[in-house]
Amino acid sequence: MKAYLRGLADEFGESTNAIRLELNHLEEAGLLCAESEGNKKVYQANPRHPLFGDIRSLVLKHSGITQVIEGVVERVGDISRVWVRGDFAVGIDSNLIDLVIVGENIDMDYFNSLVKKAEDLIKRKIHCTIIFPEKETDYFTPEEKRLLIWKK
């Protein structure tokens, strides 16, 4: 996900100067990468930073997604990957978690009961789409924003 100064200022309800200072600190620390797109400077997380994985993990845990994945994936069948898409995939908090589960031989009754328990636990709605592994490459459009959150 990419963001620019004014968009972040609007989203957080802060002044552009306050946001600029924080962006500069994060860029100097190497946590953000910046590039110019026209007359705008665009920022995004630096996936090569040594702390990127830890920060990503904290964000996922805070949102409750980690609890959902760990509680469901290992007990319902042969799941190879779990993707999140929609708002969470682009870093926007939401009451809906949209997951794409890649797997087969899934016990659907048990799966649905675990999803319901997870929804009650994290107080969010969970929408799951299950696809077979051989359909994964054709399922997503190239421009669709998605984030791999679990892999076997």
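The values are calculated or read from the model by the stated rules, or taken from the named source; none is laboratory data. Source: prediction; values computed, not measured. FYI the Cβ positions are ideal-geometry reconstructions off the backbone, even for glycines, and counts take in every protein chain you see.
Odds and ends about this structure:
- Members of region 125-134 found to be more than 17 Å from the chain's Cα centre (by Cα) and within 12 Å of Ile101 (Cβ to Cβ), listed by number: Ile130, Ile131, Phe132, Pro133
- Residue within region 56-78 that is in contact with a Lys or Arg (Cβ under 9 Å, 6 or more places away or on another chain), in a strand (DSSP E or B) and either at pLDDT 85 or above or surrounded by fewer than 17 Cβ atoms within 10 Å (Cβ to Cβ) (or both) present: yes
- Every residue from region 1-47 that is assigned to a strand (DSSP E or B) and among the aliphatic types (A, V, I, L, M): Ala3, Leu32, Ala34, Val42, Ala45
- Of all positions in region 84-96, at least one carries a residue that is in contact (Cβ under 8 Å) with a residue 60 or more places away in the chain, within 25 Å of Gln44 (Cβ to Cβ) and not aliphatic (A, V, I, L, M).
- Residue within region 103-117 that is assigned to a loop (DSSP other than H, G, I, E, B) and among the basic types (Lys, Arg) present: no
- Scanning region 127-152 for residues being in a strand (DSSP E or B) and among the charged types (D, E, K, R) gives a total of 2.
- Candidate set: region 7-39, residues that are of a type in the set (D, E, K, R) and farther than 26 Å from Arg85 by Cβ; chosen: the one surrounded by the fewest Cβ atoms within 10 Å (Cβ to Cβ): Glu28
- Given (1) touching a residue at least 40 places away in the same chain (Cβ under 8 Å); (2) in a loop (DSSP other than H, G, I, E, B), number of the condition Val100 does not satisfy: (2)
- Condition met for Arg146 (farther than 27 Å from Ala3 by Cα, touching a residue at least 24 places away in the same chain (Cβ under 8 Å), in contact with a Phe, Trp or Tyr (Cβ under 7 Å, 6 or more places away or on another chain) and not aliphatic (A, V, I, L, M)): no
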